[in-house]
Amino acid sequence: MKPFIYITRKLPEAVVAPLKSEFDVEMWEKEDAQVPRDILLEKAEKASALLTMLSDKVDRELLQNASYLKVVANLAVGFDNIDLEAAKEKGVTITNTPDVLTETTADLTFALLMATSRRVVEADRYIKEGKWKSWSPLLLAGTDIHHKTMGIVGMGSIGEAVARRAKGFNMEVLYHNRSRKPEAEETLGVRYVSFDDILAQSDFVVVLAPLNTETQGMFQEDQFRKMKNTAIFINAARGAIVNEAALLQALKRGDIAGAGLDVFETEPISEDHPLLQLDQVVALPHIGSSSKDTRLDMMTLCVENIQAVLKGDNPKTAVK
Ligand code: 8YV
């Protein structure tokens with residue numbers, strides 16, 4: 001019997017063809033719904049490999065009953081949906097998709113920053129709703145980006161790629177990270193400061209940290225109060241790093257001026273969520289890495305990682 005591989009979303013045939021020639025492959029086919037938990041558990045019990053998304057919980061319960069499982073290839077650089085400790089105990093290799101999505105995610109982060117500060121979405125809505133009747137000097141006046149200060153929270157490779165873009169806009173770039181990055185300081189001219197200094201000094205606070213026990217709930221009412229009231233908050237990392245109720249209040253009170261969000265505490269966020277009713281919020285449906293080329297590269301990397309592990313080789317990008 002061929003080893004069984006379960007893929008939790010419909011992926012293009014060309015991407016999965018190399019797996020299908022060697023293994024028994026099944027995909028969740030519905031594009032408008034994610035695979036229900038009971039089906040995922042049932043498939044995992046038979047699978048040698050799973051190709052998963054962030055929205056699939058690969059927890060102890062799933063891993064304990066997955067007797068044949070050798071590898072979980074997560075279609076994301078983040079792996080906060082996976083219990084790494086339980087996977088290690090069970091000898092299951094976890095892989096992610098770093099590097100291939102770095103530049104694309106940095107592009108989107110910058111797009112979000114620009115859209116929020118220059119009110120691009122509001123302006124588009126304004127013109128399409130037929131509101132553009134005359135020109136006035138302060139029509140949809142936004143906030144400048146150039147020569148301002150960006151504070152990056154989480155200086156991994158995506159943080160560095162965003163810093164490089166910021167430097168092209170003549171911005172000063174501060175960063176806060178678990179560990180200092182001397183090479184980035186030297187090559188990019190970024191400056192390490194405390195988290196409180198990021199909050200106090202930045203015109204743009206940009207969150208690009210992974211979600212873990214240290215970063216969960218890092219932004220509460222206090223943190224927003226410490227920010228400039230002209231500041232714009234950008235989150236392209238994980239919703240749970242931020243207390244969303246505190247963010248909403250900060251925006252309503254005017255503690256900060258705006259927010260660009262690609263991620264939310266609960267995804268998909270409901271359309272009547274109060275954050276989405278604010279003009280100073282630009283919201284995106286978690287599309288940081290979503291360019292056609294990059295998503296294809298991510299999927300291909302997942303397939304290669306599965307092939308490697310099932311052949312007994314080391315995968316390209318195992319999570320350590
Ligand atoms: C994922 C992401 O592609 O890589 C990550 O960690 O957040 C995105 O790039 C997306 O969430 C699909 O799993």
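Readers should treat all values here as calculations from the given coordinates under stated rules, not as data from a laboratory. Keep in mind the model is a prediction, meaning the values are calculated, not measured. Virtual Cβ from ideal backbone geometry, glycine too; neighbours counted across all protein chains shown.
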For Lys252, the lysines lying under 17 Å Cα to Cα, once residues fewer than eight places off in the same chain are dropped, come out as Lys226, Lys228
About the Cα centre, charge dipole magnitude for region 1-87 (Lys/Arg +1, Asp/Glu -1 at Cβ), debye
200
Members of Lys46/Lys316; Lys88/Lys320; Lys30/Lys57 lying beyond 20 Å, as alpha-carbon distances in this model show
Lys46/Lys316
Which of Thr187, Thr294, Thr143 fluctuates most in a GNM of the chain (C-alpha springs under 10 Å)? That residue is Thr187
Please label the shape of region 195-273 as rounded, prolate or oblate, based on the square roots a ≥ b ≥ c of the eigenvalues of the alpha-carbon gyration tensor (a/c under 1.5 means rounded; beyond that, a/b larger than b/c means prolate, else oblate).
oblate
Positive-pole candidate from Leu108, Val77, Gly91, dipole of region 1-144, charges at beta carbon
Leu108
Out of Val16, Ile269, Ser179, whose Cα points farthest toward the positive end of the dipole of the chain (charges: +1 Lys, Arg; -1 Asp, Glu; placed on Cβ)?
Ser179
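How many percent of all Cα-Cα pairs in the chain sit more than 28 Å apart?
46
Counting Lys and Arg as +1 and Asp and Glu as -1, each charge on the Cβ, what is the dipole of the chain about the Cα centre in debye, to the nearest 20?
For the chain, the charge dipole is close to 480 debye.
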